[in-house]
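Peer 1: The structure that follows is given in the form of structure tokens.
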Amino acid sequence: MLILYDTPPPIMDKNWVIKSQGSDAEVLALSRSLGISGVLANLLVQRGIKTFDEARVFFRPELSHLHDPFLMKDMDRAVERILVSIKKDEPVMIYGDYDVDGTTAVALMYSFLKDHLTHLDYYIPDRYNEGYGVSKNGIDYADEKGYRLIIALDCGIKAVEKVDYARSKGIDFIICDHHQPGDELPDAVAVLDPKRTDCTYPYKELSGCGVGFKLVQALISKLDIPFDTITHLLDLVVVSIASDIVPITGENRVLAYYGLQRLTESPRTGLQAIKNIASFDNKEVTVEDIVFRIGPRLNAAGRMESGRTAVELLVSTDMDQAMTFSRNINTINSERRDVDSTITRQAVEMIMGDKKLQEQKSTVLYNPQWHKGVIGIVASRLMDHYYRPTVILTRSNGLATGSARSVNGFDLYQAIEACSDLLENFGGHKYAAGLTMKVSNIKTFSRRFEEYVRETISPDQLIPVVEIDTEVQLEEIDEKFVRVLNQFRPFGPENMAPVFLTENVSDNGNGRRVGSDGGHLRLQLVQEANPYKVFTGIAFQQGRKFDKIAHGKSFDICYSVEENEYRGRKNIQINIKDLKFD
């Protein structure tokens, strides 16, 4: 039996990389036209925003900025087919994946169509018995219940054989997906996917739920329904955008901006129940809140039991019922946390007990008892812990199945593809992948995967990177600076919270270690140029550096700027990502 214990992350240096800066002329022109500092203007130019009008659209998103849904290939065909179902009151089934994007997409489509169809149901495949995407079981269920149209959301773009199987049973398919298509598209009534090579839709990065919202937007235009009657669906859309880690740019920025407003002020019953159970206060909900507090609870249902539970919560209109669902999901999430924490500790112990594993450039671990639903989380934790390409495997249906995660800049998919002759199947992208193999192939796969990584990965890729937007002096950070910075929200992929560099700061003598084990720092930061302007800084996992700081040694910091509210008062706080001494 393994002895479980908490293990702190290894102490490793991080490479600080400063992003390319905007040209002096562009930054100066934008700074003058907007009346903001050069630092803030530079942040905009780095994000491709170079004119007053572009900045106005960025800072003031409007729902009128959303694109015409009929610009999406096959949208007219999808709408026409659904209108036929509405006119005939035909039985329709909504089908979606078991993750947050899939369950929110199903909840969105169901919430809209339930007012237009009498015979409507939804189906979420079982992660373990059916796996990802459209399943034969789901089609058989639809046939048995008499559904003649399936609307698939967040999946289906590669379900060529499954759609043919459905057609043989007289069932039509409409596919709403956002994943990369294969060489052949399914022979569905309509295939909505902005990433289709023949689709000229102006924005390519919608979530699966976002594609579903565009379909609803197209439907209301034909049903003469005002747009403001569907804005209540935007809380679901923003939960999908944040949880699926799609870029928060362009159309996604508009949807996320108004979705966060809805989620803060008047969320649907099910999401309010999650906020209640997660002890949200009355503050504005952020993308970070979704990523760390709402999304994991919804995801836990599909990981540990059934994604249908998440949909039942999201479509509920009765608060007592929703709270029951929410408490159940919260319990499932707690179990998920316990399971992935236990497995992570077991995995760390496996590495600590094997010198060869410690010296490798990659991690490949297998335990047939590990829970399939959390191995992706464990792979991410192990990758963060040791910062190297990681594959975590368990046994399912007689095969070794696993999840893989990669470090910045290293193409994990190519590494797995180089071992494809050992695999039953695999899929994914540069930084995350899934794979299945015979148990007898694990040892050979581990050796060849390590050989490939060792031969192709660069030393720099094995060092964590902190990307810095720009350098700033502490005295430049004032209330106006923070007020403008807050208008960059919502933050997310391709618009991350800016990270600043400030050199030669010191603690004024009031800093201290904090946390139960003194592992974190709470500092009072000053610069020599203005020693009376003091900023509170919090530095997680940096407690070991306190002795040098306490002796007055100056240091450099990279950090994000936040507003901290306590008892109704707001103050500027610096969240230190890393610090280095000269």
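The values are calculated or read from the model by the stated rules, or taken from the named source; none is laboratory data. What you see is a predicted model, and the numbers here were worked out from it, not measured in a lab. Cβ coordinates were reconstructed from backbone atoms using ideal geometry, including for glycine residues, and neighbour counts include every protein chain displayed. Heads up: the accessible areas ignore ligands, DNA and RNA and are worked out on the full protein's heavy atoms, side chains in. Shrake-Rupley method; radii C 1.70, N 1.55, O 1.52, S 1.80 Å.
Peer 1: Tell me the angle of helix 136-145 to the major Cα principal axis of the chain, expressed in degrees between 0 and 90 and rounded to the nearest ten.
Peer 2: 50
Peer 1: Further question on the same structure: State to the nearest 20 debye the size of the charge dipole of the stretch 76-231 about its Cα centre, where the only charges are +1 on K and R beta carbons and -1 on D and E beta carbons.
Peer 2: Dipole of the stretch 76-231, to the nearest 20 debye: 260 debye.
Peer 1: Would you mind getting me the FRET efficiency between ASP224 and LYS195? Use the beta-carbon distance for r and R0 = 30 Å, nearest 0.05. All intermediate terms of the calculation are to be shown ahead of the outcome.
Peer 2: Values: r = 31 Å, r/R0 = 1.03.
The formula returns an efficiency of 0.45 here.
Peer 1: Compute the relative contact order of the chain as a whole-number percentage, counting only Cα pairs closer than 8 Å that sit 6 or more residues apart in sequence.
Peer 2: 12
Peer 1: For LYS580, which lysines qualify as cross-link partners when the Cα separation must be under 22 Å and same-chain residues fewer than eight apart are set aside?
Peer 2: Within the straight-line cut-off, LYS580 pairs with LYS14, LYS19, LYS533, LYS545, LYS548, LYS553.
Peer 1: Please go through the stretch 484-547 and write out the chymotrypsin sites (Phe, Trp or Tyr not before Pro) that DSSP classes as loop and that have at most 14 other C-beta atoms within 10 Å.
Peer 2: Taking the stretch 484-547 and a limit of 14 other Cβ atoms within 10 Å, the loop chymotrypsin sites (Phe, Trp or Tyr not before Pro) found are PHE540.
Peer 1: Let me ask something else. Once amide H atoms are placed 1.01 Å from N in the peptide plane, what residues at a sequence separation of 5 or more from GLY511, or on another chain, have their amide H within under 5 Å of its amide H?
Peer 2: GLN524
Peer 1: Please compute the volume of the convex hull spanned by the alpha-carbon atoms of the stretch 202-356 and report it per residue in Å³.
Peer 2: So the per-residue Cα hull volume is 146 Å³.
Peer 1: Could you tell me which label, among (1) 32.6; (2) 28.7; (3) 31.3, carries the value of mean projected area of the Cα convex hull in nm² calculated for this structure?
Peer 2: Computed from these coordinates, mean projected area of the Cα convex hull in nm² corresponds to label (2).
Peer 1: Could I ask something else about it? Considering amide H positions built from the backbone, and no H for Pro or chain starts, which residues 5 or more places from ILE94, or on another chain, come under 5 Å of its amide H?
Peer 2: Amide H to amide H, under 5 Å and 5 or more residues apart or across chains, ILE94 pairs with ASP121, TYR122, TYR123, ILE151.
Peer 1: At 1.4 Å probe radius, can you tell me the per residue accessible area of the stretch 383-473 in Å²?
Peer 2: Result: 45 Å² of accessible area for each residue.
Peer 1: Could you work out [θ]222 nm for the chain from helices alone, using -39500 (n - 2.57) per DSSP H run of at least four and dividing by all its residues? Round to the nearest 500 deg cm²/dmol.
Peer 2: -12000 deg cm²/dmol
Peer 1: If one computes the Cα centroid of the stretch 475-499 and of the stretch 262-276, what distance in Å separates the two points?
Peer 2: 26
Peer 1: Rank LEU236, SER326, ILE18 by how far each Cα sits towards the positive end of the charge dipole of the chain (+1 on Lys, Arg Cβ; -1 on Asp, Glu Cβ) and give me just the farthest.
Peer 2: The residue sitting farthest along the positive end of the dipole is SER326.
Peer 1: Farthest toward the dipole's positive end in the stretch 202-340, which of ILE225, SER207, GLN261, given Cβ charges of +1 (Lys, Arg) and -1 (Asp, Glu) about the Cα centre?
Peer 2: Highest projection toward the positive end goes to SER207.
Peer 1: For a quick check: with amide H placed at 1.01 Å from N, whose amide H comes under 5 Å from ASN495's, ignoring anything fewer than 5 positions away on the same chain?
Peer 2: ILE248
Peer 1: Multiply the residue gap between LYS480 and MET496 by 0.36 nm, knock off their C-alpha separation, and tell me the result in nm, one decimal place.
Peer 2: Extending this stretch completely gives an extra 3.8 nm.
Peer 1: May I pose another question? Only Lys, Arg, Asp and Glu count, each charged at its Cβ (+1, +1, -1, -1), so figure out the dipole size of the stretch 173-281 about its Cα centre, rounded to 20 debye.
Peer 2: For the stretch 173-281, the charge dipole is close to 280 debye.
Peer 1: Considering only protein heavy atoms, what per residue accessible area in square angstrom results for the stretch 252-342 with a 1.4 angstrom probe? Walk me through the intermediate numbers first.
Peer 2: Details: 3750 Å² over 91 residues.
So the stretch 252-342 comes to 41 Å² accessible per residue, rounded to a whole number.
Peer 1: Step through the residues of the stretch 432-440 one at a time and calculate ³J(HN,Hα) from phi using the Karplus curve (6.51 cos²θ - 1.76 cosθ + 1.60, θ = phi - 60°), rounding each to whole Hz and writing x for Gly and Pro.
Peer 2: 8, 7, x, 8, 9, 8, 5, 4, 5
Peer 1: Please give the charge dipole size of the chain, origin at the Cα centre, charges +1 on K and R Cβ atoms and -1 on D and E Cβ atoms. Round to the nearest 20 debye.
Peer 2: Using only the charged Cβ atoms, the result is roughly 1060 debye.
Peer 1: What percentage of the solvent-accessible surface of the chain, computed with a 1.4 Å probe over protein heavy atoms, is contributed by carbon and sulfur atoms? Kindly include the intermediate steps, with their values, before the conclusion.
Peer 2: Values: 12320 of 26430 Å².
Of all accessible area on the chain, carbon and sulfur atoms account for 47 percent.
Peer 1: Give, in nm to one decimal, the length gained when the segment between LYS88 and ASN575 is fully stretched (0.36 nm per residue of separation minus the Cα-Cα distance).
Peer 2: Separation in residues times 0.36 nm, less the Cα-Cα distance, equals 169.5 nm.
Peer 1: Output wanted: per-residue J couplings in Hz (rounded whole) for the stretch 540-555, from phi through Karplus 6.51 cos²θ - 1.76 cosθ + 1.60, θ = phi - 60°, x for Gly and Pro.
Peer 2: 7, 6, 10, x, 5, 8, 5, 4, 5, 5, 5, 8, x, 6, 7, 7
Peer 1: Also: Quick check: Cα centre of the stretch 534-582 to Cα centre of the stretch 418-458, how many Å?
Peer 2: 41
Peer 1: Taking only protein heavy atoms and a 1.4 Å probe, what accessible area per residue, in Å², does the stretch 79-233 have with all protein chains in place?
Peer 2: 38
Peer 1: Can you put GLU359, GLU144 in order of accessible area, largest first, using a 1.4 Å probe?
Peer 2: Numbers: GLU359 115, GLU144 145 Å².
Final ranking, largest accessible area leading: GLU144, GLU359.
Peer 1: For the chain, build the charge dipole from Cβ charges (+1 Lys, Arg; -1 Asp, Glu) around the Cα centre, then report which of ILE248, ALA418, TYR387 sits farthest towards its positive end.
Peer 2: Of ILE248, ALA418, TYR387, it is TYR387.
Peer 1: Can you give me the relative contact order of the stretch 404-463 as a percent, contacts being Cα pairs under 8 Å and 6 or more apart?
Peer 2: Relative contact order, the stretch 404-463: 36 percent.
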